[in-house]
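Please read the structure below before turning to the comments.
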Amino acid sequence: MAKEKYEFWFIVGSQVLYGPETLVQVEKDSRAIVEGLNAKKLLPYELVYKDTVKTADDFVQLSRAANGDAKCAGIITFCHTFSPSKMWIGGLSLLQKPMLHFHTQFNEEIPNEEIDMDYMNLHQSAHGDREHGFIAARMRVPRKVVVGYWKDEAVQKKIGRWMRSAIGVAVSRNTKVMRFGDNMREVAVTEGDKVEVQIKLGWQVNTWAVGELAEAVDAVTDEQIDAQIEEYRERYEFATDDLETVRYQAREEIAMKQMLDAEGCIAYSNTFQDLYGLRQLPGLASQDLLLKGYGYAGEGDWKTAALTAIMKEMGRGLGGGTVFMEDYTYDLKNGLSLGAHMLEICPSIANEKPRIEVHPLGIGGKEPPARLVFDGKAGSAIVASLIDIGGRLRLIVQDIECVLPTQTMPNLPVARVMWRPQPDLAVGAEAWILAGGSHHTVLSYDLDAEIMRDWARILDIEFVHIHKDTDPVQLEQELFLSDLAWKLAR
Ligand code: MN
């Protein structure tokens with residue numbers, strides 16, 4: 001869906017001083033670069049050659065056009081020749097779309113016999129891109145800089161990863177979240193400033209009555225439920241005879257999807273403390289909606305719900321899986337964290353065919369709900385947590401290594417994932433707790449810290465990365481200085 005909806009613009013820097021002959025060559029080379037990048041298919045979205053900027057007015061027009069074009073998810077700039085940067089000030093001051101500065105060169109090597117002063121003037125990005133870099137730095141334009149030969153696969157993949165960050169920004173600016181019920185009583189980390197997220201991230205977070213959902217649930221027809229059950233049969237193994245309970249989850253899923261789609265919401269939250277008029281906490285229902293790409297988080301956690309939806313879209317097509325997750329319990333001896341939730345882990349990360357089971361919930365006082373039970377797969381991943389640190393948002397990302405669960409845990413009737421946090425459990429958890437990270441996270445096998453850092457930079461929120469070299473003493477100092485800087489900047 002998003003793939004057809006979005007594209008990126010390639011905008012080249014030059015100037016009229018060089019004369020028409022050089023400018024024709026600049027455009028020809030630039031079109032060849034764009035065609036080459038698209039042909040390799042390492043960019044997840046199409047790159048479109050737009051124009052060569054020769055005057056200040058050229059870029060003002062392009063910047064306005066990019067801002068006004070819903071398809072344009074970002075611009076990529078490259079100065080083939082020198083392009084005086086005072087020319088770019090007007091357009092950069094207007095630009096609202098993410099920007100990547102691609103510092104490349106049409107030829108990979110210096111041609112010994114061919115090189116003369118004309119060649120030098122034409123292939124001048126080493127010179128021109130420095131002028132271009134200065135003005136972006138001078139104007140504090142948040143931008144990604146990618147350096148390298150345009151035919152190099154690693155360079156193309158880096159641009160592709162940034163495209164995913166930019167798509168995350170486009171999706172973020174269109175995110176609507178449906179809240180069924182409030183935040184879980186007394187819980188702090190799932191709270192936050194809904195006005196601030198709308199200003200910074202574009203999220204519209206609003207509430208709908210649980211009673212309205214209960215009415216929609218009651219109005220679902222048997223035919224609709226039959227069709228939903230057929231879908232479940234295709235995807236999941238039925239490990240229960242209690243079909244009535246499964247049918248009730250189908251009923252809840254259909255009703256929630258109707259309400260979400262009617263309002264254009266891509267994420268939702270609910271809480272077991274407010275299920276008035278509902279017979280079960282949605283379990284299988286939420287898991288299946290997560291698989292379809294909706295964002296969800298429990299206990300009224302609308303921040304994690306929205307982040308789940310956005311990160312799913314950023315990782316679209318990669319196939320690794322992105323899910324709502326919660327740190328549950330530890331294997332301290334072996335340095336592992338066991339992640340799960342009461343019910344609602346998305347089956348996109350299952351290592352086996354998920355089983356539908358019915359078990360009582362320890363809390364909430366409702367009927368035992370149907371849920372999917374499975375083990376998560378092994379692989380490198382990240383966990384991400386967005387917190388409201390007071391006056392600003394902080395995104396914390398930790399690198400983790402998921403392993404197949406080391407125990408069968410036959411009496412734990414929920415989906416589970418096991419991982420080794422970086423740099424290890426003790427230091428990783430110390431760093432996470434120092435930074436204020438939540439027990440709720442988004443876990444993704446598809447995205448990495450660089451993609452999330454780029455996303456946070458574009459949206460102007462604080463970013464903290466916990467990785468293999470993290471030292472808690474240094475991190476504490478960084479958090480202290482960062483806190484001062486963010487307060488001063490406002
Ligand atoms: Mn929870």
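The values are calculated or read from the model by the stated rules, or taken from the named source; none is laboratory data. Quick caveat, the model's predicted, so the values are computed rather than measured. Here the Cβ positions follow ideal geometry from the backbone for every residue, glycine too, while neighbour counts run over all protein chains shown. The area values use the complete protein model at the heavy-atom level, side chains included, leaving out ligands, DNA and RNA. Shrake-Rupley method; radii C 1.70, N 1.55, O 1.52, S 1.80 Å.
Below are the figures for this structure:
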| item | result |
| --- | --- |
| Sole exception among (1) more than 16 Å from the ligand (Cβ to nearest atom); (2) more than 14 Å from the chain's Cα centre (by Cα) for Glu313, by number | (2) |
| Failed condition for Ala214, given (1) crowded, with 18+ Cβ neighbours inside 10 Å; (2) in contact with a Leu (Cβ under 7 Å, 6 or more places away or on another chain); (3) over 26 Å from Val373 (Cα atoms) | (3) |
| Residue tally, condition in contact (Cβ under 8 Å) with a residue 60 or more places away in the chain, closer than 19 Å to Leu290 by Cβ and not charged (D, E, K, R), over the range 329-357 | 11 |
| First in the range 288-306 and open to solvent by less than 10 Å² (accessible area, probe 1.4 Å) and at pLDDT 95 or above, second anywhere and more than 16 Å from the ligand (Cβ to nearest atom) and among the small types (Gly, Ala, Ser), Cβ under 6 Å, 6 or more apart | Gly295/Ala309 |
| In the range 275-301, the residues that are of a type in the set (A, V, I, L, M, F, W, C) and within 13 Å of the ligand (Cβ to nearest atom) | Leu281, Ala297 |
| Qualifying residue in the range 125-144 (condition: more than 23 Å from Glu27 (Cβ to Cβ) and polar (S, T, N, Q)) | no |
| Residue in the range 451-466 that is at pLDDT 95 or above, open to solvent by 20 Å² or more (accessible area, probe 1.4 Å), within 21 Å of Leu332 (Cβ to Cβ) and among the basic types (Lys, Arg) present | no |
| Every pair of residues 6+ apart whose Cβ atoms lie under 8 Å, when the first sits in the range 423-443 and is within 14 Å of Thr329 (Cα to Cα) and more than 13 Å from the ligand (Cβ to nearest atom) while the second is of a type in the set (S, T, N, Q) and open to solvent by less than 30 Å² (accessible area, probe 1.4 Å) | Leu425/Ser337; Ala429/Ser337 |
| Checking Pro423 against (1) crowded, with 24+ Cβ neighbours inside 10 Å; (2) touching an Asp or Glu at 6+ places or on another chain (Cβ under 8 Å), the condition it does not meet | (1) |
| Within the range 322-356, considering residues that are open to solvent by less than 10 Å² (accessible area, probe 1.4 Å) and over 18 Å from Ala285 (Cα atoms), the one nearest to the ligand (Cβ to nearest atom) | Gly339 |
| Residue within the range 382-403 that is assigned by TED's automatic domain parsing to the domain that holds Glu299, away from the ligand (no atom under 16 Å from the Cβ), modelled with pLDDT of 95 or more and within 30 Å of Glu244 (Cβ to Cβ) present | no |
| All helices (runs of 4 or more DSSP H) inside the range 1-76 with 2 or more residues being buried (at least 16 other Cβ atoms within 10 Å of the Cβ) and among the hydrophobic types (A, V, I, L, M, F, W, C) | 20-40, 56-68 |
| Residue check for Ala255: within 16 Å of the ligand (Cβ to nearest atom), of a type in the set (A, V, I, L, M, F, W, C), buried (at least 23 other Cβ atoms within 10 Å of the Cβ) and under 28 Å from Gln198 (Cβ atoms) | no |
| Tally, over the range 384-419, of residues that are β-branched (Val, Ile, Thr), farther than 24 Å from Phe272 by Cα and assigned to a strand (DSSP E or B) | 4 |
